[in-house]
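What follows is a set of notes on a single structure, which appears directly below.
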Amino acid sequence: MTDSMPRLLGRPAELMLVEDNYGDILLAQEALNSCKIANRLYIARDGEEALKMLRKEPPYADQVTPDLILLDLSLPRKDGREVLSEIKGSPDLAKIPVVILTGSSAEMDVIKSYELNANCYIVKPLNFEQLKGVVGAIQDFWFSVVLLPNHRPAEPIQ
């Protein structure tokens, strides 16, 4: 696999992680930093913050629209199912792929996520090496295989 998609976009891949667990955030950041694809990670600590960022509401007026959202289901203030429903119900946001990355392997969570139009469902791995593998696979697939819509003009390649 190559990093052709970010090069086609003329910029790093823009990722949003919606996660409230500080330890999981640190692990995800480290796993993403170890990947071969250039990326920028934006973090929302709860569902309401994620939706404000995506809608570019104050204080997020300059927020970049992500190419991919990594969404936990267990979130404070507004849970991941509600966030997913609002994303996929919005004409402005519905095209953004949403990867559910959560600790739950409950069949009803999987079914509900797909009913709400999640693009895929991944149970968080138990250790860092497995997480690196999962994050690498996510990046390889979504940024080397899949052609994503461009949400903003390409930045000049330097």
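All of the numbers you see were taken from the coordinates with simple rules; none came from a lab. What you are looking at is a predicted structure, and each value in this text was computed from that prediction instead of being measured. Cβ placement follows ideal geometry from the backbone for every residue including glycine, while neighbour counts extend to all protein chains displayed.
Under a Cβ-Cβ cut-off of 9 Å, what is the net charge of the residues other than Leu93 that fall near it, where Lys and Arg count +1 and Asp and Glu count -1?
Details: positive: Arg55, Lys88, Lys95; negative: Glu86, Asp92.
Local charge sum for Leu93: +1.
Roughly how many whole Å is it from the C-alpha centroid of the range 21-47 to that of the range 72-97?
Cα centroid to Cα centroid, the span is 18 Å.
Counting helices only, and only those DSSP H runs with n ≥ 4, report the 222 nm mean residue ellipticity of the chain as the sum of -39,500 (n - 2.57) divided by its residues, in deg cm²/dmol to the nearest 500.
-10500 deg cm²/dmol
Can you give the FRET efficiency for Ser34 and Ala94, using 1/(1 + (r/R0)^6), R0 = 41 Å, r = Cβ-Cβ distance, to the nearest 0.05? Don't skip to the answer; put the middle values down first.
On the way: r = 31 Å, r/R0 = 0.76.
Step by step, r from the Cβ atoms, then E = 0.85.
Sum up the lysine pairs in the chain that clear both bars: alpha-carbon distance under 19 Å and a spacing of 8 or more or different chains.
Lysine pairs meeting both conditions in the chain amount to 13.
Pull out the extension gain between Phe141 and Asn117, defined as 0.36 nm times the separation in residues minus the alpha carbon to alpha carbon distance; nm, one decimal. Write down the numbers at each step before the final one.
Working: separation 24, 0.36 × 24 = 8.64 nm, distance 1.82 nm.
Result: 6.8 nm gained on full extension.
Normalise the Cα radius of gyration of the range 1-128 by 2.2 N^0.38 Å (N = residues in it) and let me know the number. Spell out each step's value before the answer.
Numbers: Rg = 14.2 Å, N = 128, 2.2 N^0.38 = 13.9 Å.
Here the answer is 1.02, to two decimals.
Grab the Cα-Cα distance for Ala61 and Ala106, subtract it from 0.36 nm times how many residues apart they are, and report the gain in nm with one decimal. Write down the numbers at each step before the final one.
On the way: separation 45, 0.36 × 45 = 16.20 nm, distance 3.63 nm.
Result: 12.6 nm gained on full extension.
Quick check: residue separation of Glu48 and Phe128 times 0.36 nm, minus the Cα distance between them. What number comes out in nm? Walk me through the intermediate numbers first.
On the way: separation 80, 0.36 × 80 = 28.80 nm, distance 2.79 nm.
Additional length available on full extension: 26.0 nm.
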